1. So how many residues does the stretch 103-156 have that are acidic (Asp, Glu) and not in a loop (DSSP other than H, G, I, E, B)?
2. Checking the structure you have, find out if any residue of the stretch 86-99 is open to solvent by less than 70 Å² (accessible area, probe 1.4 Å) and more than 29 Å from residue 26 (Cβ to Cβ).
3. Here's a check for you: in the stretch 135-147, which residue that is under 17 Å from the mean Cα position of the chain (by Cα) and open to solvent by less than 60 Å² (accessible area, probe 1.4 Å) is nearest to residue 72 (Cα to Cα)?
4. Which one is farthest from residue 101 (Cα to Cα), of the residues in the stretch 64-74 that are open to solvent by 30 Å² or more (accessible area, probe 1.4 Å) and in contact with a strand residue (DSSP E or B) (Cβ under 6 Å, 6 or more places away or on another chain)?
5. Please determine, by comparing only the residues of the stretch 51-86 that are of a type in the set (A, V, I, L, M) and assigned to a strand (DSSP E or B), which one is nearest to residue 9 (Cα to Cα).
6. Of the residues that make up the stretch 3-18, is at least one under 21 Å from residue 133 (Cβ atoms) and out of contact with any Ser or Thr (no Cβ under 9 Å at 6 or more places or on another chain)?
7. Can we say residue 112 is more than 25 Å from residue 9 (Cβ to Cβ) and surrounded by fewer than 13 Cβ atoms within 10 Å (Cβ to Cβ)?
8. So residue 110 fits all but one of (1) in contact with a Lys or Arg (Cβ under 7 Å, 6 or more places away or on another chain); (2) without any contact (Cβ under 8 Å) to a residue 40 or more places away in the chain; (3) within 30 Å of residue 176 (Cβ to Cβ); what number is the exception?
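The values are calculated or read from the model by the stated rules, or taken from the named source; none is laboratory data. Worth saying up front: this structure is predicted, and the values here are computed from it rather than measured. Because the Cβ atoms are built from the backbone with ideal geometry, glycine has one as well, and the counts that use them run over all protein chains shown. Surface areas here come from the heavy atoms of the whole protein model, side chains and all, with no ligands, DNA or RNA. Shrake-Rupley method; radii C 1.70, N 1.55, O 1.52, S 1.80 Å.
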Amino acid sequence: MEDKMLITAQKRDIGTKAAKKLRREGKIPAVIYGADFGSEHIAVDRSEFMAAIRRSRRNDRFELKLDNEEFKVIVKEIQWHPVKEEVEHVDFYKLTEGRPVTVDVPVRVVGESKGVKMGGDLYQPRKRITVEALPEAIPNEIEIDVTNLQIGDVVHVFDLDMPEGVRVKSSKNFTLVAILGKALEETEEGEEEEIEEES
């Protein structure tokens, strides 16, 4: 992240009525918490928060200004309205230098596999994994290059080459990507059966 992304916050009252009032005023109810911080109920400006989110990636670090203090945070969770495309609540996690944090990291597939070019299908049952990392080592995403994967090839969590300082917390046996497709013999048998039916 090249430039500093600042989000200003204010302390707030808790309760449903207070939250509704904040939303009418263009603010989002939120909470900030951390391993050495406890928790604090806060509110952030909706326009400012949405602008920051739109130009950020998952697990990017923000500077959150509360009163006269600034904290390095990541967005831990965003709760959306079930019907409207509006943010209802945000959880911020305060980062502490030298203390690892557990986060979910998206898994992004790149390339077109040889197996797909031969007629196979790419199967991606897991779109993210859970890792533990120091604040400065938190990845925005984990990239999997599938270019050389053939039909029948599988990539598990334990196959990943994780960045330095990042440790997988998810089960390492989970399948992340697989190239599915019929064996050549099955395809040929199907073609023979079609010919017989036409005869």
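1. Result for the stretch 103-156: 6.
2. yes
3. Restricting to residues being under 17 Å from the mean Cα position of the chain (by Cα) and open to solvent by less than 60 Å² (accessible area, probe 1.4 Å), the top hit is 135.
4. Per the stated criteria, the residue is 65.
5. 66
6. Yes, that holds for at least one residue.
7. yes
8. (1)
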